[in-house]
Amino acid sequence: PLAGALAVGIHRLLSWGLLDVPLTVVPAPTRRAAARRRGGDPVTRMATVATARHPDIAVVPALRMTALARDSAGLGSAERERNIVGRVVSTRHRLPPGGEVLLVDDIVTTGVTARESVRVLHTVGARVVAVLTMAAA
């Protein structure tokens with residue numbers, strides 16, 4: 001269900017002219033322990049399913065959380081900030097040259113993960129044009 005909603009969101013952004021192809025979709029990072037508990041990275045899985053029918057859209061897991069990031073559940077805004085800033089890093093996955101980057105996540109609570117993800121993507125030369133989330137808390 002969430003992959004379908006994400007697919008609709010991407011389609012709308014494309015049809016409104018807010019995104020263009022070629023497009024690279026970068027899933028927001030998930031802590032490794034959380035991914036293990038969930039049977040894999042749900043954001044990457046959702047993005048992969050949502051874009052499966054779009055040959056001009058690539059999903060690249062270009063970000064990861066360091067081991068120092070802890071579960072943010074129950075943390076306040078300032079605590080989330082301290083927990084995440086500096087703990088999102090780029091992976092060895094290379095972004096395709098040129099084109100636009102869309103950051104996707106399942107939920108935005110304070111926005112710190114999205115903000116830090118965009119900052120890191122900019123440091124590796126990505127042109128992030130939008131952030132798309134499925135829910136806000």
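The values are calculated or read from the model by the stated rules, or taken from the named source; none is laboratory data. Since the model is a prediction, treat every value here as computed from it, not as a measurement. Cβ coordinates were reconstructed from backbone atoms using ideal geometry, including for glycine residues, and neighbour counts include every protein chain displayed.
What residue, among those in region 122-135 that are over 15 Å from Val43 (Cβ atoms), touching a residue at least 12 places away in the same chain (Cβ under 8 Å) and touching a strand residue (DSSP E or B) at 6+ places or on another chain (Cβ under 9 Å), is surrounded by the fewest Cβ atoms within 10 Å (Cβ to Cβ)? Ranking the qualifying residues of region 122-135, first place goes to Thr123. Which members of region 94-110 meet the condition of being small (Gly, Ala, Ser) and surrounded by fewer than 17 Cβ atoms within 10 Å (Cβ to Cβ)? Gly98 - this is the single residue of region 94-110 that is small (Gly, Ala, Ser) and surrounded by fewer than 17 Cβ atoms within 10 Å (Cβ to Cβ).
Out of region 92-106, which residues are of a type outside the set (A, V, I, L, M) and either closer than 17 Å to Pro42 by Cβ or modelled with pLDDT of 90 or more (or both)? Within region 92-106, Glu100, Asp105, Asp106 qualify. Taking the criterion of being within 12 Å of Leu63 (Cβ to Cβ) and free of Cβ contacts under 8 Å to residues at least 40 places away in the same chain, the residues of region 83-121 that qualify are Ile84, Arg87, Val89, Ser90, Thr91, Arg92, His93, Glu116, Val118, Arg119.
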